[in-house]
Structure formats: structure tokens, C-alpha cells
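The values are calculated or read from the model by the stated rules, or taken from the named source; none is laboratory data. Everything quoted here is computed from the prediction, not taken from an experiment. With ideal geometry, Cβ positions are generated from the backbone for all residues, glycine too; neighbour counts draw on all protein chains shown.
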Amino acid sequence: MDNLTKKQRSVCMTNIKSKNTEPELKIRKLLTSEEVKYRLHVNKLPGKPDIVVGRKKFALFINGCFWHQHKNCSYAVMPKSNLKYWESKLKNNVLNQKENIKQLKHLGWKSIIIWECQVNNNKLLSKIISRLKK
């Protein structure tokens, strides 16, 4: 059962952003400090990747663990209320992204998914940035 009223929940959900999220801003700051040139939210590519490194043909998706149901992650908890809606919604998010990545691959692009819970893992981020700089 939800501990917020419908109106409170509506306000809460309305305030969730899809662009310029905290994890995305952190990744962008890191890329800028490493002098990796990138573009944001390129809508000509399938899935409108959060960050695109065009010269290397890399598309980065900065995924929220809840919204994209990161397996075995404590942030990816299924809501207890309105379960039918959320199961369908979140399942579609996962399927849509798989399809977008498939289309990107067909176009010759490489995709990297960085999960919200991985944004503070400096070792992982260093590996990713080194791939983008090669």
C-alpha cells in the first residue's frame, strides 16, 4: 500500500526527470574533465541516447535502476500498489531499450549502459572512459 495520497504521488512522479538527471550530470562532468567530446539526447538515433560520442560511434544510456529494472539491484523494487500497471510499464521500458540497442548495433553503433547504482564506481567509470578515448 502506498503511504502517499494520490495527489502527493502524482506530484512526486511529475517531478521525476528524464533528462539532466543527477547520474547523467555526473557522467557528463567526468567526460568533460577527460576531454571526451559528446552530444546530448540525439533524437535521430534509436532510443535517443543520453550521451553520444559520435566520432567513436558510442551511445551511452544512463539508466535509472527502477525505471529499467536493473537485475539484483536494491533500487529496482516493484511497487506494491497498482501492480498491473507497473509490471507492464517497466517491462515495456526494458523491451524498448533492448530493441533500441539492437537497432543501434545494426547501424554500426556500440551501446554502453551505465546504471544509476554504478555512477559512484570510479573503477568502472574509468574503464568506460578509456574505451571512449581509444
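Right, Asn82: under 24 Å from Ile129 (Cα atoms) and not aromatic (Phe, Trp, Tyr) or not?
When the stated conditions are applied, Asn82 does not pass them.
Output the residues belonging to the stretch 83-109 that are of a type in the set (A, V, I, L, M) and without any contact (Cβ under 8 Å) to a residue 12 or more places away in the chain. Lay out the reasoning, then the answer.
Narrowing the stretch 83-109 to residues of a type in the set (A, V, I, L, M): 83, 90, 94-95, 101, 104, 107.
Correct list: Leu83, Leu95.
Considering the stretch 77-126 alone, what residues qualify as being among the charged types (D, E, K, R), within 18 Å of the chain's Cα centre (by Cα), assigned to a helix (DSSP H, G or I) and surrounded by fewer than 16 Cβ atoms within 10 Å (Cβ to Cβ)?
We begin by selecting, within the stretch 77-126, every residue among the charged types (D, E, K, R); these are 80, 84, 87, 89, 91, 98-99, 102, 105, 110, 116, 123.
Next, only the ones that are within 18 Å of the chain's Cα centre (by Cα) stay: 89, 91, 98-99, 102, 105, 110, 116.
Those left that are additionally assigned to a helix (DSSP H, G or I): 89, 91, 98-99, 102, 105, 116.
Hits for the stretch 77-126 are Lys89, Lys91, Lys98, Glu99, Lys102, Lys105.
Residue-wise test of (1) among the charged types (D, E, K, R); (2) over 18 Å from Ser18 (Cα atoms); (3) without any contact (Cβ under 8 Å) to a residue 60 or more places away in the chain.
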| site | (1), (2), (3) |
| --- | --- |
| Glu34 | yes, yes, no |
| Leu45 | no, no, no |
| Val52 | no, no, yes |
| Ala59 | no, no, yes |
| Ser81 | no, yes, no |
| Ile113 | no, no, yes |
| Val119 | no, no, no |
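Note down all Cβ pairs under 7 Å where the first residue falls in the stretch 122-134 and is farther than 16 Å from Phe61 by Cα, the second is of a type outside the set (D, E, K, R) and at pLDDT 85 or above, and they're at least six residues apart or on different chains.
Taking only residues 6 or more apart or on different chains, the pairs are Lys133/Val36.
If you take the residues in the stretch 14-41 that are within 14 Å of the chain's Cα centre (by Cα) and assigned to a loop (DSSP other than H, G, I, E, B), which one is nearest to Lys56 (Cα to Cα)?
Restricting attention to the stretch 14-41, the residues satisfying the condition of being within 14 Å of the chain's Cα centre (by Cα) are 16-28, 40-41.
Within this subset, residues satisfying the condition of being assigned to a loop (DSSP other than H, G, I, E, B) are 16-21, 41.
On the way: Ile16: 31, Lys17: 28, Ser18: 25, Lys19: 23, Asn20: 23, Thr21: 24, His41: 16 Å.
Among them, the one singled out is His41.
Taking Val36 and the conditions (1) at pLDDT 95 or above; (2) within 21 Å of Lys133 (Cα to Cα), which numbered condition does it fall short on, given that it satisfies the others?
All conditions are met except number (1).
For the stretch 17-52, name all the residues that are touching a Gly at 6+ places or on another chain (Cβ under 9 Å) and more than 20 Å from Val94 (Cβ to Cβ).
Residues satisfying the conditions are Lys37, Tyr38, Arg39, Val42.
Looking at the stretch 48-69, is at least one residue surrounded by 18 or more Cβ atoms within 10 Å (Cβ to Cβ), among the acidic types (Asp, Glu) and not in a helix (DSSP H, G or I)? Let's see the steps before the verdict.
Going through the stretch 48-69, the residues surrounded by 18 or more Cβ atoms within 10 Å (Cβ to Cβ) turn out to be 49-53, 58-66, 68-69.
This time we only want the ones that are among the acidic types (Asp, Glu), so: 50.
Applying the additional criterion that residues be not in a helix (DSSP H, G or I) yields 50.
Within the stretch 48-69, one or more residues are surrounded by 18 or more Cβ atoms within 10 Å (Cβ to Cβ), among the acidic types (Asp, Glu) and not in a helix (DSSP H, G or I).
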